[in-house]
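Structure first, commentary second.
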Amino acid sequence: MSYFRYTPGPPLEQPFTVTSGIVIAYGVSSRISVRIPAGGTWPGHAALPGPITDHLQLGETGCMPGSTWTDAVTPDALTAGVALITAQALTVHPIAERMDLLGRLGHQPRTLNQVIAGGLLGCSREAFSKSRATY
């Protein structure tokens, strides 16, 4: 069996753009992580909407060996970074919690088409429909 050394990534307090490899931001739960591939931007905790920060509870980063990043982040990259993290956040946790997050972001799940809502939440139309019945 081989052991591969853990490679820490950049701190989450400040924004950064990944220039090569992939940086992973880990949450307090081992099931929660978001991936930021080359070209992707982490916007920093302050730029994320409160509901996203609360939902993910990210605390540290790790990266693939050889990954690099820069602290030079453009305003457009920050906007794209918030979108990247939001999209991934909507697929983390049980469906009911994802529906709650969607609502806290201003999009009430009960008002959405089942196929669209399932796509947003990373689940099937059927799974969304069952969850919506008890939401």
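Brief remarks follow.
- T53 meets each of the listed conditions (1) free of Cβ contacts under 8 Å to residues at least 12 places away in the same chain; (2) β-branched (V, I, T); (3) surrounded by 17 or more Cβ atoms within 10 Å (Cβ to Cβ) apart from (3).
So that you can scan it fast, the table gives a plain yes or no per residue for (1) free of Cβ contacts under 8 Å to residues at least 40 places away in the same chain; (2) within 19 Å of the chain's Cα centre (by Cα); (3) more than 12 Å from P51 (Cβ to Cβ):
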residue: V73; (1), (2), (3): no, yes, yes
residue: T79; (1), (2), (3): yes, yes, yes
residue: L84; (1), (2), (3): no, yes, yes
residue: T91; (1), (2), (3): yes, yes, yes
residue: A96; (1), (2), (3): yes, yes, yes
residue: G122; (1), (2), (3): yes, yes, yes
residue: E126; (1), (2), (3): yes, no, yes
residue: S129; (1), (2), (3): yes, no, yes
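- Test: A117 is among the hydrophobic types (A, V, I, L, M, F, W, C), more than 25 Å from P8 (Cβ to Cβ), part of a helix (DSSP H, G or I) and in the same structural domain as F4 (by TED's automatic domain parsing): no
- Top-ranked residue of the range 96-135 - restricted to ones that are in contact with a Cys (Cβ under 9 Å, 6 or more places away or on another chain) and of a type outside the set (D, E, K, R), ranked as surrounded by the most Cβ atoms within 10 Å (Cβ to Cβ): A117
- Pair list, Cβ under 6 Å, 6 or more apart: the range 98-110 residue in the same structural domain as A133 (by TED's automatic domain parsing), other residue modelled with pLDDT of 95 or more and not in a helix (DSSP H, G or I): R98/L90
- Of everything listed in (1) part of a strand (DSSP E or B); (2) on the phi > 0 side of the Ramachandran plot, the single unmet condition for I36 is (2).
Condition check ((1) outside any strand (DSSP E or B); (2) modelled with pLDDT under 95; (3) in contact with a Cys (Cβ under 6 Å, 6 or more places away or on another chain)) across all residues:
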residue: M1; (1), (2), (3): yes, yes, no
residue: P10; (1), (2), (3): yes, no, no
residue: V23; (1), (2), (3): no, no, yes
residue: A46; (1), (2), (3): yes, no, no
residue: T53; (1), (2), (3): yes, no, no
residue: G62; (1), (2), (3): no, no, no
residue: W69; (1), (2), (3): no, no, no
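- Residues that are surrounded by 14 or more Cβ atoms within 10 Å (Cβ to Cβ) and assigned to a loop (DSSP other than H, G, I, E, B), drawn from the range 71-95: V73, L90, V92, H93
- Considering only residues in the range 18-44 that are hydroxyl-bearing (S, T, Y) and within 15 Å of the chain's Cα centre (by Cα), the one that is surrounded by the fewest Cβ atoms within 10 Å (Cβ to Cβ) turns out to be S30.
The values are calculated or read from the model by the stated rules, or taken from the named source; none is laboratory data. This one's a predicted model, so the numbers in the text were calculated from it and none came from an experiment. Neighbour counts are summed over all protein chains in view; Cβ atoms, including those assigned to glycine, are modelled from backbone coordinates with ideal geometry.
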